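Accompanying notes for the structure given below.
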């Protein structure tokens, strides 16, 4: 009986809800596209470098992505967790490499909280229209076996134990390290805003959130429009937006519900959080602010 119970529980793991959400599991396999053929239009399309609204919100065809709302991006990054006994290569050395206790994470987003407040507003509006919400988390296995090509690069430096060194970027999203965890506000603020059972949790090891389990669920739900919110603007948010476009989804990127760190030391005076939405708005996605999107959602039938 005990063995049977264990087997049943193992089979149920992909379906057990994370904080009330249906768990779609973890994947590093991306969906393939394109899925949509070109259809000629009888409407004249004007050439304009300014973002416009091309897509309407149909609640039965729309989904919301909340990408990577994790502690590594939270502001301020306050190391309140216990590093003793963490199953990761020399995590204390990694922690010390970040600097003093009060230093932010190297990827701390200046406007994390502002973007988060908008995400909660959008999720709440979606819940009222029964629009499915996908909370997606970027995480690597403790042994680094699914780190992919990211571990070829080392923008944040390494920590070493003797002759063995580990890339900090991998450790930040290591499943054994607290920085990979969802920000506590997911459970205290986002989940209470959701009502019903149309909400999903998935893990990815790629920049794009369109991993196979997520793409399959979107297909099952007959979704053709995806709203993008989350972190970081420069990486997972923009990659997911572009990948979704290539898959044939109608993409909506909410510029004040996404955020990423301002890399002042590398790009002096340049804020990618302003530039990237501009380029997305031209041939890739509808780009708008939270209030504009809320008006579309609230007015949708």
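We did not get these values from a lab; they are worked out from the coordinates using the rules stated. Since we're looking at a predicted model, the values are computed, not measured. Counting neighbours? That spans all protein chains shown, and the Cβs are built from the backbone with ideal geometry, glycine included.
Can you pull the one-decimal nm distance between simple spin-label points at residue 54 and residue 292, each 7 Å off the Cα toward Cβ?
1.4 nm
What length, rounded to one decimal in nm, is gained on full extension from residue 271 through to residue 108, with 0.36 nm per residue of separation minus their alpha-carbon distance? All intermediate terms of the calculation are to be shown ahead of the outcome.
Working: separation 163, 0.36 × 163 = 58.68 nm, distance 1.44 nm.
Gain on extension, residue 271 to residue 108, equals 57.2 nm.
From the Cα gyration tensor of the range 170-245, with a ≥ b ≥ c the square roots of its eigenvalues, which class applies: rounded if a/c is under 1.5, or else prolate if a/b is larger than b/c, or else oblate?
Oblate, since a/c reaches 1.5 and b/c is not below a/b.
Which order, highest average first, do 199-209, 272-282 follow once you tally other Cβ atoms within 10 Å for each residue and take the mean per peptide?
Final packing ranking: 199-209, 272-282.
Would you mind ranking 138, 245, 54 by Cβ crowding within 10 Å, fewest neighbours first?
With the sparsest Cβ surroundings first, the list reads 54, 245, 138.
Can you figure out the FRET efficiency of residue 146 with residue 32, using R₀ = 30 Å and their beta-carbon distance, to the nearest 0.05?
0.95
Tell me, in nm to one decimal, what length is gained between residue 129 and residue 219 on full extension, where the rule is 0.36 nm per residue of separation less the Cα-Cα distance? Walk me through the intermediate numbers first.
Details: separation 90, 0.36 × 90 = 32.40 nm, distance 1.91 nm.
This chain segment gains 30.5 nm when fully extended.
For residue 278 and residue 195 in the same chain, what is the full-extension length gain: residue separation times 0.36 nm, less their Cα-Cα distance, in nm? Walk me through the numbers before you get to the answer.
Values: separation 83, 0.36 × 83 = 29.88 nm, distance 3.35 nm.
Additional length available on full extension: 26.5 nm.
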